[in-house]
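The values are calculated or read from the model by the stated rules, or taken from the named source; none is laboratory data. Every value quoted in this text rests on a predicted model; they were computed, and no experiment measured them. In this analysis, Cβ positions are derived from the backbone assuming ideal geometry, glycine residues included, and neighbour counts consider all displayed protein chains. Please note that ligands, DNA and RNA were not included when accessible areas were found on the heavy atoms of the full protein model with its side chains. Shrake-Rupley method; radii C 1.70, N 1.55, O 1.52, S 1.80 Å.
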Amino acid sequence: MNAKTHLPGNPKAARLNAAHFAIFFAALFAALPARAQTPAPAWPSKPVAIIIGVTPGAATDIEARLYAQRMTENLGRSVIVDYKPGAGSTIATHYVVKSAPDGHNIIVLAPTFTFSNLSYPNLPYDPLKDIAPVSLLSRRPSIVIVHPSLPVKSVAEYITYAKAHPGKINVGTAGAGSFAELGWQWFNNITGIKVTIINYKGGAPASAALMSGEVQIALSGISQITPFIKSGKVRLIGVTTAERSKAIPHVPTMAEQGAPGFDYEQWIGVGVAAATPPALITRLNHEFVRAAKSPDILSKLEDDGTIIVGSTPEAFRQRIATESARWRKVAADTGAKLAQ
């Protein structure tokens, strides 16, 4: 054998060695991705639960059931609504925080979520860190309704009457520390009126108290109370959002009637446990937005003045952060006692 064959300076040997190394490393790196990548977990691999923190019959529940029905049809897998009411929906939220981050337990979020740590200072979780937003699904106004015995036909007249009768008007809300209670505290602070706030265990009992005359004014969704407006059992005097509702465009907002800057908007969205993989959150977002934009859901919600959104996870995260800061300021400005 020629000894020169093994010398480093031999061009032919160098080419052979380089070729061998190239083949070796090409095979090595080709195999690496197969070992590094693991298949994404199948979803859904079992029934999916949309967890809701209110009792059946509320507007949030009605909308959640529409999504559950549409997604069951889209996915070919059962999607159910699971009720875990109480403590301002924090029981339901904590359940999802503790659940496996596999997308099979999904929490319905509403405005109370953004200030739940004010209402419940000792929460066993951090709302802004332990829930990953998936999508803001929809927004909708509330309406101001009064008992016929209250001699007012507008929010402006109500403000004048309340100032003339401080502490004499009973206002019904959906519960202590609820979004409705904080909204009324804000409205009273803007207008400088004094009333007696009575907290009930939900929007339905508050509306029933209004119709019986136990309270004289309350907030409601549009569709739930429309039959009672038509029958004259209650009177509609205003809309809570900054802009008029397309469902009842003839009704002026509270901001137009003496409460400048007032903007109280209901909404619902969905979230999952924070450790849920980003790829799965993207899939969940796709499915919820797909359901939200379906014609059957659109047609069933438009009568309530609902605006379908179907946002990205990041856009929903930004809204939660913005509203959390906003309602914290309102609580501080009004001195609202939200802690349970």
*For the chain, with only Lys/Arg (+1) and Asp/Glu (-1) charged at the beta-carbon, what is the dipole magnitude about the Cα centre, in debye rounded to 20?*
780 debye
*Among all the aspartates and glutamates, which ones have a C-alpha under 20 Å from K246's C-alpha, if same-chain residues fewer than 8 places away are not counted?*
E63, E256, D263, E265, D296, E302, D303, D304
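So, counting K/R as plus one and D/E as minus one, what does the shell of residues with Cβ under 14 Å around G261 add up to?
On the way: positive: R326, K329; negative: E243, E256, D263, E265, D333.
For residues surrounding G261, the net value is -3.
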*Amide H of I307: which non-local residues (sequence gap of 5 or more, or other chain) have their own amide H closer than 5 Å, using H built in the peptide plane?*
R139, R140
*Using only Cα atoms, figure out Rg for the chain and give it as a multiple of 2.2 N^0.38 Å.*
1.38
*Among all the aspartates and glutamates, which ones have a C-alpha under 14 Å from K201's C-alpha, if same-chain residues fewer than 8 places away are not counted?*
E181
*For segment 28-172, convex hull of alpha carbons as volume per residue, Å³*: 189 Å³
_Helical segments meeting 20 Å axial Cα length and Kyte-Doolittle -1.0 threshold in the chain (DSSP H)_ = 11-36, 59-75, 278-292, 313-334
*From the backbone phi of segment 123-139, what are the Karplus-calculated ³J(HN,Hα) couplings (6.51 cos²θ - 1.76 cosθ + 1.60, θ = phi - 60°) in whole Hz, Gly and Pro given as x?*
4, x, 8, 9, x, 7, 10, 9, 10, 9, x, 10, 6, 7, 8, 7, 10
*Cα-Cα pairs above 21 Å in segment 261-340: how many percent?*
46 percent
*How much of the accessible area of the chain, probe 1.4 Å, is carbon plus sulfur, in whole percent?*
59 percent
*Solvent-accessible area per residue for the chain at a 1.4 Å probe radius, Å²?*
48 Å²
_Fraction of alpha-carbon pairs over 15 Å apart in segment 94-177 - percent_ = 72 percent
*Excluding residues fewer than 8 places away in the same chain, name every one of the aspartates and glutamates whose C-alpha is closer than 16 Å to that of K233.*
E214
*Taking the alpha carbon gyration tensor of segment 171-316, what are the square roots of 5 times its eigenvalues, largest first, to the nearest whole Å?*
31, 19, 16
